[in-house]
1. Counting helices only, and only those DSSP H runs with n ≥ 4, report the 222 nm mean residue ellipticity of the protein assembly as shown as the sum of -39,500 (n - 2.57) divided by its residues, in deg cm²/dmol to the nearest 500.
2. In peptide B:166-174, how many Cβ atoms from other protein chains are near each Cβ within 10 Å, on average?
3. Test of understanding: in a Gaussian network model of chain B with alpha carbons linked when under 10 Å, which of B:ILE138, B:ILE247, B:ILE153 would top the mean-square fluctuation ranking?
4. Under the Karplus relation 6.51 cos²θ - 1.76 cosθ + 1.60, θ = phi - 60°, what is the ordered set of whole-Hz ³J(HN,Hα) values for region C:2-10, x standing for Gly and Pro?
5. How many nm separate the modelled label positions at A:ARG19 and C:THR12, each set 7 Å beyond the Cα in the direction of the Cβ?
6. Sequence-distant or interchain residues sharing an amide H contact under 5 Å with C:GLY23, placed H: which?
7. Can you give me the distance in nm between label points at A:ALA310 and A:ALA143, each placed 7 Å from the Cα along the Cα-to-Cβ direction?
8. What FRET efficiency do you get for B:HIS55 and A:THR241 if R0 is 45 Å and r is their Cβ-Cβ distance, rounded to the nearest 0.05?
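Readers should treat all values here as calculations from the given coordinates under stated rules, not as data from a laboratory. Note that this is a predicted model, so its numbers are computed, not measured. Glycine gets a Cβ as well: all are built from the backbone with ideal geometry, and neighbour counts include every protein chain shown.
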Amino acid sequence: MSTFVATAGRPARARQAARAFALTAIAALLLGLPWWGTAWLGRAVEIAYMLSLAMLWNLLAGFAGVVSIGQQAFVGLGGYALFALVILAGVPPLAALPLAGVVAAVVALPVALLLFRLRGPHLAIGSWVVAEVFRLVAAQISALGGGSGQSLPVAAVRGIARSRSAREAITYFIALALAALCLALVWGLLRARQGLGLTAMRDSEAAAASLGVNVRRLKLTVFVAVAGATGLLGALIFLQTLRISPDAAFSVTDWTANVIFIVVIGGIGTLEGPFAGTAVFFLFRGLFAGFGGWYMIALGALAILVMLLAPAGLCGAVSHRFGVTLFPMRRRLGTAPAAAPGLPTASPN
Amino acid sequence: MQWLDIIVQGALVGGLYALFATGLSLIFGVMRLVNLAHGDLIVLAAFLSLACVQHLGFSPALSLAIVVPGMALLGYAMQRVMLNRTLGGDILPPLLVTFGLSIVIQNTLLEAFSADSRKLHFGGIETASIRLLPGVSIGWYPLIVLLAAVVVIGGLQLALYRTRLGAAMRATSDDPVTVRLMGVDNRHLFALAMAASLSVCAIAGVLMAGWTNFDPLSGPERLLYAFEAVIIGGLGSLWGTLAGGMILGIAQSVGGAFDPGWQILAGHLAFLVVLSATPRGLFPRMAD
Amino acid sequence: MSVPLLATRGLTAWYGDFQALFGINLDVREGEVIALIGANGAGKSSVLKAVCGLLPVARDSVRFAGTLIGGMDAHRIVRRGIAMVPEGRKLFPSLSVEENLRLGAYAARPGPWSLDRVFSLFPILAERRDAPATSLSGGQQQMAAIGRALMANPRLLLCDEISLGLAPIVIRDVYAALPSIRAEGTSLIVVEQDISQVLRVAQRVYCLRKGRVVLEGSSDGLAREDIRMAYFGM
């Protein structure tokens, strides 16, 4: 009798080596960007934080099953926390960055407790209401520019680095680090014990609950973690633009609509989805930049079509068709070597 | 007396908010669908009315004769072609499809009409008012809107509780699978419900256009007011939605009396307070 | 040999990846009462759902009154003359007893069953006609569910576990109505786990186990022992 052992799916040696090489090459290219592609730095930062926001929203909606259309609340909150810390408390911007994330996470807890009184689509709209409240409150704070907004003081900006190119490089590396952090957070969470719970929850909450998964606590934890990370990203975004205003900080279009489109088109509930979606999004934007409003119409229509005809998105469709995933997450059952001789042993592949 | 006037004005606005909310409430009741494009459809109706006035020379009131049937047809088609596919368990598809629809409508209106703020003019009725008490005067227009809300809700209640179709709708809300065993075609029923919802949106949109300024991006705010009125009033009750709208209107009015910048915020805060106190709303009827 | 009112041939059905039925062949002749028995999960309800259109199946696997109806929309099958009393009654809580009954007539098929006729069959329903349907007792709800299905004036009535959760006395009252239904010309398929009651009213029996027919015959021709063995698979 053979015993079954759960092992993570492991690719063959050759594929492993190729993968390692590819990753090293990509890492080298990315890390070297400030030297070989200075003109791309701003765009690269944007790509990095849109990708990060997408990964986080995907974790929240695609895995934890909490659909929020109010994440802009935390983007703006992070941005305003940064500006408040720098302008009102004199904290150096780079130190204020992680603090802004903490602020967002702390605020997220009571928000979550309130929002979780609603369910499904009502929770979604409720989150939007919360974002609107944040926006309206921010517009009332004259110390931070009120309705028209505020710029980061020159002295604080100089404090980041002397030269503009150094500042851009630093911002870029922070963006890279945050993207890597988000990826690590999502992947780590999903592969850990909690991750199995999350995936179970996504498939069936009732079943997961009956198995002992503390559904409510898990959702709360994910919500707060995502909010904190989103706040961090918000702080980064407005550190880059050096200026904040309520409408920009809490924009539904920029921080929710675009993010949702990225996740949906890329493939919700997959790890690769946000990557594919971000690529499509920026490609789209590059192609249709000159067409103004038609660009958003096309994006919206594309999201609708994807949801109706191919709800698994780009990566979902690819993995169904070809069985290929970039980030293997399935656990495959393999047979352990049998104690008695003569019985077949199969190695997991 | 000034406070009484503030409250009365707020209650009157509640009529408009109730009209915003009724269509949303109906759809959620019958098919558990929240239409994120709801507010944008109201704004669409307003712009259709504007187009009738500008290009066909209609009066705003007469434009209703085109806009209401037009929106009803749009609702039927929308449900049959697009939204029926999204129903059935998972909450993401209807949310994401209607969200995409919302973006498409907003940007299409922007392209067609530009971002300028508009308003419809119904003529003298807009400024006419009657003085009830010293310090409290009620505008004819808000009164007509409130009356319209009462008539619409009353009519829907009648339809839901006195007609065969209404019984089918209530049954579908209870159990969409078993109702098919009665010979009810779900897809057709859902489409009829959406047609009804958009008809109310049409009325709401045209009346809104005569009351306040609007532009292509005004949709989301209407959605939030509609949603808040429904939640405050309680799920599953149309009259509750009217109450919810009035409470929202009063909260806004009171907040605005302190500081104009606080008006909308006060409404949102009232919603959050009700939500934390009784998540099912004040007059709930539905088992959710 | 008369053409059966209902005939299934090679009926297979799936719930996602799970196969519930493995080629069921079943006949119901006009005016007959058929018992469909088997343990939990044997596939009895699945057969009924396939016939009434709630479970998608191949078009040629179900023939009713000469027409292939496999996979047809449930609401269209009702209009053709098949009505189902679903498992668990499934009355509409938002509607009164009378409204539930009237909804059963939504398809507006002509026939002997009207609101008055149903009330004379189940007088207790007339007494509680305006009460919310789910405020009735279990047995009364079952009567209401049967009455609701009758309002569609079906040629074939499908009864899914109508004795479920009811006390024996109540079950007797419910089953007492079946002869009147048959007298109006309606054929019946009665699905039950408890076989004692149903064997008394049915002419023929099909016994299902794990999605297959393992025994069929006339109810008085089959020995109890054979039925028990088929039921439990011993």
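1. Details: 36 runs with 521 residues, N = 871.
Helix contribution divided over all residues of the protein assembly as shown: -19500 deg cm²/dmol.
2. Working: counts 1, 9, 4, 1, 6, 9, 2, 3, 8.
Mean partner-chain Cβ count within 10 Å for B:166-174: 5.
3. Answer for the Gaussian network model of chain B: B:ILE138.
4. 6, 6, x, 5, 10, 9, 10, 10, x
5. 3.7
6. C:LEU11, C:THR12, C:ALA13
7. According to this spin-label approximation, the distance is 5.1 nm.
8. On the way: r = 42 Å, r/R0 = 0.94.
Working from the Cβ atoms, E equals 0.60.
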